[in-house]
Each structure stands twice: as C-alpha cells, then as structure tokens.
Amino acid sequence: MRDLVPAQKEMFRHIEDLVRSILSAYGYREVGLPALEMTQLFARLVGESTDIVEKEMYSFQDKNGESLTLRPEGTAGCARLAQDNGLIFNQTQRLWYSGAMFRYDRPQKGRYRQFEQIGAECFGMEGPDIEAELLLMNWRMWKALGLEGHIRLEINSLGDGKDKQKYQNALVVYLADFKQELDEDSQRRMETNPLRILDSKHQRTREILDAAPQMTDFLGNASEQHFAQLCEMLDSHALPYVVNPQIVRGLDYYNRTVFEWVTSDLGAQAAVCSGGRYDGLVEQLGGRPTPGVGFALGVDRLGLLLEASFTSSDAADVFVVSMGEAARLQALVIAEELRDALVNKKVTVHCGGGKLKAQLKKADASGAKLAIILGEEEIASSTVSIKTLRESQAQIALAREKLGDYCTRYFHTG
Ligand code: ATP
Ligand code: MG
C-alpha cells in the first residue's frame, strides 16, 4: 500500500482539482462509492476469469460470514449505486467518483496495491457522441495538466456480444496451432478468457499475435458503423488517436468502444486512463437494458508523469513570532485576524516559544515574505514589528489595528 508524503499528496490534489473542474464543466456530478462491496458484485460484473477477480482482490469474510471485497475498481460499484438509487430508469446520467482502489498487484513504479482513481460513468446514452465527448474531456484534462505531449490515445471496438464471440472463436482456432509456444498465463486463458491473451506482454506471445485475426474484421454492421462514426467525430475535432485492434481491456463487461490513454514514460505501466462501453452492465444488475460508457484514470501514474515539472507550494506568506507569555497568546489572536483579512495566504504561527533568533530562522526557512514580531514592548504599546524577509528594508513598527491593511496592501502590490 502506498504512503503519500505531503509533496505527493499536494500533487494528487493538484491533479484532482484540475480534473474535477473539467468534469464539472462537462456536467458530471460526483457520487460517493463505498470502499467495500459484496464480493459477488465484482465476480459477476468484472468477470470470474479476469485478472482482477482471479488474483487481485482483497476479499474477507465479515462477522456475519458475508464475503466482502475492498473495491478493485469503480465501474461495478457506480453502476450498482446508480441502479439501487433510482438514477438510471428513464434518465441519462453523467457521474464521477474518486478514491482509493485496492488490488493485489505486483508493486513497482506506477503499480501499487492501493492506488487512486478518478472515474466517470455515463448511463442512458447510446453514443457514439458520448464516447467522443468523453475522449475530448480526457484530452482537455491532459492539456490542463501539461501532459498532452506524453499521452496518446488508442481505441478499438469489441463489437457487440455476438461479434465478440465470433472473433474469440477465430482467435482460439488461430492460437491453437501455437499453444505450446504461448506463455503460461496465455495457455490458461485459452480456456478461461481468450481475448485477454491480446493483453499479454510476453514477447513470443506478442510475435504470434502479430499475425492473428483482427477484431475489426469481425464487427457486425451496427458496431462497425458506431465505430466509424466515433472515428469521424474524433477526426473532426483533430483529436489524434490510433486504432489498435489488440486493445481488449481486462474486464468482461465491455462491448463496442474500448480505449486506453497510454504513455511511453512509465515502462510496462503504460495505461494512464482506460475505459469503454458497457451496454450490458445495468441489465446484469437486474435493471432494464441501459447503455453505459465510462473511464477511470490512474492518479498515481499521472503523478509520476508530472513529478519532474510539479513544484509543491508549501511556503508560508506570513510568519508570526513572539517573545514572552503575553505575546505568545497574542500571536494566535493576530494570526486569526490576519487570516480574516488576507485571502488565500498562509499564516504560520511559531508555536512553542524559544529565542527570537531561532524563531526568525524558522520564519526565513518557512518561505514567508513577512515576519510579524511580537515582544513585550509591542504588547505594552499595542504595536507589532514587521520584518520583510525577502528584501532588505528596515524593520518597521505599526499600530496593531493597521496590520491587516498593511499586509493586504503588501501582498496586493506584490
Ligand atoms: P494494467 O494493465 O496497467 O494493470 P489495468 O488494465 O489493470 O492496468 P484498469 O483496470 O483499466 O487498469 O484501471 C484504470 C487505470 O487505473 C489504469 O489505466 C491505470 O492508470 C490505473 N491502475 C490500474 N492498476 C493500478 C495499480 N495497481 N497501481 C496504480 N495504478 C493502477
Ligand atoms: Mg491490472
């Protein structure tokens, strides 16, 4: 599980703030998903033979003997939430969530057992316009983060249920000739989940796959048209993408459009955001057939891409120091008044007493531009002393009630 120290958490916040404001600009509304769901929810919706369910879930029995699982992803829970709370029938929804996901993955750079996702899920829209909108929104996010040069879009269509089945059969027939040469996981997947073999990172398997039948040749008319329209929409917005017929996504619920935003900067942890269409999901939950489409982005991986360029801003603006008991009390009062007077400025009080020199050293190290000094003299005369820390100016004394105005003006005129 990953620890986030303040500088990392600030970067996560930075990403979340930008992503959140863009989601809001597209009319998405946030939902709060439980961290725990019944294990059955994931087993059924994500799929028994997927990596997530087969090997990555943190599951346990509660005191009632119920099998629960720490959410490994958000789509199943979000669809359940929407269905259980009457958000789906006869409506369209654009929803989003954020939070920790848990998978028993092999920890390494960009891959953790607790990681952060922001996900969006749309219900009731057949597309392909909603897919295009989702992808344009993603693109806007990468631009806002300054990452558009590091992330590229790959899309594919899985077709509808029947197309997917036909393709799967053709793939199995083709791969049967090479069975002994496939990696162990892929051999097993021949029985359990053949499409997942396309996801293999194993070199010989990849070579064999190069000549495999292509999914795009197996699409039925309806899904072929859907995909063509989506491509046309992306073209008309000059959104760059490539069609990668080997993108399958590891989860069972997808049909038609699937996509991944990938980077070359993080080794095997290439996907920073992935998603697709899942028109059968709500029905599997017992609802009426309802189209759905969504994505989840990995905040940890975006954070790694931003690391080089992001500087966290932990600097204070004003630092209050005090000498003596009475001043120590007043320091807190003055700091409160300054926080009332100043907008978006950080006011730090030196707590714990000590010599003036040591306190001023801390003031300097805090990055603050102004130090407010309160000693016995200042208390006696209802004044404060102000020392500018980043420019050489004589220390000045000021009537206490003028401090707020002084600081406001100081920061306003830079
Ligand atoms: P991968 O192929 O890298 O394991 P995935 O297909 O399992 O990814 P999804 O289930 O699509 O990933 O999750 C959506 C996003 O969440 C991914 O694109 C990635 O950015 C992020 N993600 C997935 N697993 C992890 C993890 N263990 N640690 C950090 N981020 C992750
Ligand atoms: Mg994975």
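The values are calculated or read from the model by the stated rules, or taken from the named source; none is laboratory data. Bear in mind the structure is a predicted one, so any value in this text is a computation, not a measurement. Every residue, glycine as well, gets a Cβ built from its backbone with ideal geometry; the counts of neighbours run over all protein chains shown.
Residue-by-condition table, conditions (1) touching a Leu at 6+ places or on another chain (Cβ under 7 Å); (2) of a type in the set (S, T, N, Q); (3) assigned by TED's automatic domain parsing to the domain that holds Gln117:
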residue: Gly32; (1), (2), (3): no, no, yes
residue: Arg44; (1), (2), (3): no, no, yes
residue: Gly47; (1), (2), (3): yes, no, yes
residue: Gly74; (1), (2), (3): yes, no, yes
residue: Gln83; (1), (2), (3): yes, yes, yes
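If you scan the stretch 370-395, which residues turn out to be outside any strand (DSSP E or B), touching a residue at least 12 places away in the same chain (Cβ under 8 Å) and closer than 20 Å to Lys346 by Cβ?
Across the stretch 370-395, the qualifying residues are Leu389, Arg390.
Of the conditions (1) within 11 Å of ligand 1 (Cβ to nearest atom); (2) crowded, with 16+ Cβ neighbours inside 10 Å, Ala132 satisfies every one except a single condition; which number is it?
(1)
Which residue out of Val243, Val282 is more than 16 Å from ligand 1 (Cβ to nearest atom) and either free of Cβ contacts under 8 Å to residues at least 40 places away in the same chain or surrounded by 20 or more Cβ atoms within 10 Å (Cβ to Cβ) (or both)?
Testing whether each residue is more than 16 Å from ligand 1 (Cβ to nearest atom) and either free of Cβ contacts under 8 Å to residues at least 40 places away in the same chain or surrounded by 20 or more Cβ atoms within 10 Å (Cβ to Cβ) (or both) leaves just Val282.
Pairs, please: C-beta under 9 Å, at least 6 apart or cross-chain, first residue more than 16 Å from ligand 2 (Cβ to nearest atom) and in the stretch 87-103, second basic (Lys, Arg) and not in a strand (DSSP E or B)?
From the stretch 87-103, the pairs are Ile88/Arg288; Phe89/Arg288; Trp96/Arg20; Ser98/Arg20; Gly99/Arg71.
Looking at Val262, Val343, Val347 in this structure, which one is in contact (Cβ under 8 Å) with a residue 40 or more places away in the chain and among the hydrophobic types (A, V, I, L, M, F, W, C)?
Just one listed residue meets the conditions, Val262.
What residue, of Glu283, Glu260, Glu232, is more than 16 Å from ligand 2 (Cβ to nearest atom), charged (D, E, K, R), at pLDDT 95 or above and not in a loop (DSSP other than H, G, I, E, B)?
Step by step, each of Glu283, Glu260, Glu232 is checked, and only Glu232 is more than 16 Å from ligand 2 (Cβ to nearest atom), charged (D, E, K, R), at pLDDT 95 or above and not in a loop (DSSP other than H, G, I, E, B).
Can you confirm whether the stretch 173-191 contains a residue that is touching a strand residue (DSSP E or B) at 6+ places or on another chain (Cβ under 9 Å) and within 16 Å of ligand 1 (Cβ to nearest atom)?
no
Report yes if Glu378 is surrounded by fewer than 18 Cβ atoms within 10 Å (Cβ to Cβ) and either in the same structural domain as Arg113 (by TED's automatic domain parsing) or of a type in the set (Asp, Glu) (or both), otherwise no.
No, not satisfied.
Does Glu131 meet the test of being in the same structural domain as Ile15 (by TED's automatic domain parsing) and either closer than 26 Å to Thr311 by Cβ or of a type in the set (D, E, K, R) (or both)?
yes
Would you mention how many residues in the stretch 285-298 are crowded, with 23+ Cβ neighbours inside 10 Å and either within 30 Å of Ala7 (Cα to Cα) or within 11 Å of ligand 1 (Cβ to nearest atom) (or both)?
Of the residues in that region, 4 qualify.
Can you tell me which residue in the stretch 135-167 is farthest from ligand 1 (Cβ to nearest atom), limited to those that are among the polar types (S, T, N, Q) and touching a residue at least 24 places away in the same chain (Cβ under 8 Å)?
The extreme case among them is Ser157.
Restricting the search to the stretch 316-340, which residues are exposed (fewer than 14 other Cβ atoms within 10 Å of the Cβ) and touching a residue at least 12 places away in the same chain (Cβ under 8 Å)?
Selection gives Leu332, Asp340.
Quick one: which of Leu356, Leu370, Leu389, Leu332 is within 24 Å of Arg409 (Cβ to Cβ) and out of contact with any Asp or Glu (no Cβ under 9 Å at 6 or more places or on another chain)?
Checking each option against the conditions leaves just Leu332.
Among the candidates Pro72, Pro34, which residue alone is surrounded by fewer than 16 Cβ atoms within 10 Å (Cβ to Cβ) and in contact (Cβ under 8 Å) with a residue 12 or more places away in the chain?
Answer to the check: Pro34.
What pairs come up if the first residue lies in the stretch 213-224 and is within 17 Å of Glu154 (Cβ to Cβ), the second is among the basic types (Lys, Arg) and part of a helix (DSSP H, G or I), and their beta carbons are under 9 Å apart, counting only those six or more places apart or on different chains?
Met215/Lys164
Could you list all residues from the stretch 175-213 that are under 25 Å from Gly161 (Cβ atoms) and exposed (fewer than 15 other Cβ atoms within 10 Å of the Cβ)?
Listed by number, the residues that qualify are Ala176, Glu191, Thr192.
Output the residue which, of all residues in the stretch 341-358 that are surrounded by 18 or more Cβ atoms within 10 Å (Cβ to Cβ) and of a type in the set (A, V, I, L, M, F, W, C), is farthest from Ile373 (Cα to Cα).
So the residue we want is Leu342.
Among residues belonging to the stretch 104-126 that are more than 9 Å from ligand 1 (Cβ to nearest atom) and buried (at least 21 other Cβ atoms within 10 Å of the Cβ), point out the one that is farthest from the chain's Cα centre (by Cα).
Once the filter is applied, the top-ranked residue is Phe123.
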